[in-house]
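Note sheet for the following structure.
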There are 2 protein chains.
Amino acid sequence: MTAVDILGYAAGAVTAFTFLPQVIKTWQSKSAKDISLNMFIIAFVNEIMWLVYGIMLNNWVIISTNAVMLIMSGVMIMLKLKYNHR
Amino acid sequence: MTAVDILGYAAGAVTAFTFLPQVIKTWQSKSAKDISLNMFIIAFVNEIMWLVYGIMLNNWVIISTNAVMLIMSGVMIMLKLKYNHR
């Protein structure tokens, strides 16, 4: 494995958990007024595209990264709809 | 270009603009209390990692996608710091 490969895997691992601080913050504060619903709907649909892409290429890095992000986007959509008015 | 390639380019183009609805919403509402600063700091650092990866591979899809996201993450960090208390 080259340095470039290691950087790619590390970047991918970080990407998978980008939404986690937002999920934790919204979960704890129960306030989502300032969150863009459209952003997380776009992310959700986009991650389905990436999942299909990963499945077509049988690339497990793409599949696993985007499966994590798909779940987090879905959670953010639910939290936004639940806590929008607080 | 195969159907898989087209899906990959389409997914990448959508990814680049994922943060745009949040930038527009925060810009207009001038309210960022519910936004996670940590999320956009992680995204900012992560996009620098992806940019370096793209440059090392000389892959312009990775470079351009992450350059757009780096700018949007930077704007969101500034908006968060400016409008945190509203």
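Computed from Cα positions, the angle between helix B:20-29 and the longest principal axis of chain B comes to roughly 20 degrees.
Taking a straight Cα-Cα cut-off under 13 Å and skipping sequence neighbours fewer than 8 places away in the same chain, the aspartates and glutamates within cross-link reach of B:Lys30 are A:Asp34.
Report the percentage of all Cα-Cα pairs in the protein assembly as shown whose separation exceeds 20 Å, rounded to a whole percent.
Numbers: 7513 of 14706 pairs.
Roughly 51 percent, rounded to a whole number.
What value does chain A have for Rg/Rh, both radii from Cα atoms and Rh as Kirkwood defines it?
My calculation puts Rg/Rh at 1.07.
Where chain B is rotated onto chain A, the residue of B whose Cβ comes nearest the axis, and that gap in whole Å, is B:Asp34, 2. Just checking the listed ones, A:Leu37, A:Leu57, A:Leu20: in the Gaussian network model of chain A with Cα springs under 10 Å, the one fluctuating most is A:Leu57. Remark: the A:Thr2-A:Ile24 segment gains 4.5 nm on full extension, using 0.36 nm per residue and subtracting the alpha carbon distance. On the beta carbon distance between A:Ser31 and B:Leu81, with R0 = 22 Å, the FRET formula returns roughly 0.75.
With its label point put 7 Å out from Cα toward Cβ, A:Lys30 sits 3.0 nm from the same residue's point in the other copies, in order from shortest. Using a cutoff of 8 angstrom between alpha carbon atoms and counting only pairs six or more residues apart, the relative contact order for region B:1-66 works out to 37 percent.
Only the coordinates and a few stated rules stand behind these numbers; no lab work does. A quick note: this is a predicted structure, and the numbers were derived from the prediction, not measured. Cβ coordinates were reconstructed from backbone atoms using ideal geometry, including for glycine residues, and neighbour counts include every protein chain displayed.
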